[in-house]
Amino acid sequence: MPTIDLTGKAAVVTGSGRGLGLAYAHALAAHGASVVVNDVDEAVAEQAVKSIAEAGGTAVAEVVPVGTAEAADRLVSRAVHEFGRLDVLVTNAGILRDKVLWKMTDDDFDAVLTTHLKGTFTCARAAAVRMREQGEGGTLILVGSPAGQRGNFGQTNYSAAKAGIAAMARTWSMELGRAGITVNAIVPVAATAMTETIPAFAPYIEAMRNGEPLPGFLRKGEGFGTPEDCAALVPFLASGAARSITGQAIGIGGDKVALWSHPQEIRAAYADGGWTPETLADAFPTSVGAELQTVGIPAPELPEA
């Protein structure tokens with residue numbers, strides 16, 4: 001079994017003051033990386049740094065909301081100033097502004113896209129510039145979501161941003177491959193403040209907080225666990241053991257890890273000379289339309305009470 005050792009590497013993890021981001025930062029530090037913790041709340045960021053230090057790791061805080069090029073430059077510059085380099089970027093920062101389409105405002109849409117999608121773009125661009133200058137490769141880990149893979153009711157903005165993040169991972173894996181920089185999207189599923197709002201999960205998350213383990217049908221069947229369960233994927237992808245893995249969307253949660261497929265044609269039909277509305281109406285139901293795809297995140301399969 002290979003040893004995952006990130007000693008000498010420096011990482012930036014956006015949105016890492018709490019939740020999944022904090023778990024990613026802890027996992028990187030536990031395997032030897034020095035980490036720039038990022039959050040919009042200074043007290044939260046400093047507490048995260050303290051918790052990493054108490055666990056034997058090395059971290060500093062950079063308090064700035066991601067989205068702008070200036071914020072991205074600050075994060076990269078902090079890593080270089082403190083640790084002399086940048087090897088790993090994890091773009092985890094995000095917010096939610098959930099509403100159905102007809103109630104979602106421009107501000108709701110723009111705020112989520114700015115943090116998730118533009119924040120991923122600006123931070124990845126700044127990191128890529130630095131990694132290419134160093135000439136030693138690097139790792140970009142973009143945080144996606146099942147909502148970006150399948151859509152989710154009430155999350156137009158979030159689903160669009162996460163779908164874009166998966167597409168950027170595929171694109172950047174091609175653009176940065178010659179520089180030895182791997183780019184992957186991860187699709188975590190964990191007990192967080194967001195998933196606690198799902199009624200089916202809420203009682204199990206509450207029981208977990210009271211010291212009870214999550215049941216096996218959640219950890220295996222739903223791939224649902226703690227933020228720490230998801231964190232293992234980050235140091236692995238940042239290590240030499242994953243140098244051949246790039247352009248992928250990898251799900252993790254509970255006891256489960258999975259590879260998401262990329263969108264592809266599943267059925268085709270042809271008409272000599274092209275199609276008309278009438279020939280489409282005649283042929284579609286028994287050709288291409290015979291295998292229409294489902295949408296949304298499947299409801300968890302819970303045992304009967």
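The values are calculated or read from the model by the stated rules, or taken from the named source; none is laboratory data. The model shown is predicted, which means the values in this text are computed figures rather than measured ones. Reconstructed Cβ throughout: ideal geometry from the backbone, glycine too, with neighbour counts over all protein chains shown. Side chains are part of the model used for accessible areas, which takes the heavy atoms of the whole protein and leaves out ligands, DNA and RNA. Shrake-Rupley method; radii C 1.70, N 1.55, O 1.52, S 1.80 Å.
Each part reduced to its alpha carbon centroid, segment 25-55 and segment 175-228 end up 20 Å apart. In the complete set of protein chains, residue-level accessible area for Ser244 is approximately 110 Å², probe 1.4 angstrom.
Between the entries (i) 20.5; (ii) 19.8; (iii) 22.9, the label attached to Kirkwood radius over Cα pairs in Å calculated for this structure is (i).
Solvent-accessible surface of segment 53-141, taken per residue with a 1.4 Å probe and all protein chains present: 49 Å². In the Gaussian network model of the chain, springs joining C-alpha atoms below 10 Å, which of Ala30, Ala126, Ala202 carries the largest mean-square fluctuation? Judging by the Gaussian network model, the answer is Ala202.
Over the chain, with every protein chain in place, what whole percent of the accessible area is carbon and sulfur at 1.4 Å, could you tell me? Kindly include the intermediate steps, with their values, before the conclusion.
Numbers: 8550 of 15490 Å².
Carbon-and-sulfur percentage of accessible area, whole number: 55.
For the residues Ile52, Ile198, Ile181, a GNM of the chain with alpha-carbon springs under 10 Å puts the largest fluctuation on Ile198. In this structure segment 179-305 gives 59 Å² per residue of accessible area when probed at 1.4 Å with all protein chains present. Toward the positive end of the charge dipole of the chain, with +1 on the Cβ of Lys and Arg and -1 on the Cβ of Asp and Glu, the farthest Cα among Val64, Ala53, Ala207 is that of Ala53. Positive end of the dipole of the chain (Cβ unit charges, origin at the Cα centre): among Ala283, Phe217, Ile245, the Cα lying farthest that way belongs to Ile245.
Most mobile of Val288, Val63, Val44 per a Gaussian network model of the chain (Cα springs, under 10 Å)? Result for the chain, Cα springs under 10 Å: Val288 fluctuates most. Couplings for segment 4-10, taken from phi via the Karplus curve 6.51 cos²θ - 1.76 cosθ + 1.60 with θ = phi - 60°, read 8, 10, 10, 4, x, 9, 10 Hz in order; Gly and Pro are left as x.
Compare the peptides 209-219, 107-117, 157-167 by average per-residue count of other Cβ atoms within 10 angstrom and give them in order, highest first.
157-167, 107-117, 209-219
Taken as Cα centroids, segment 60-137 and segment 152-172 sit 15 Å apart, rounded to the nearest whole angstrom.
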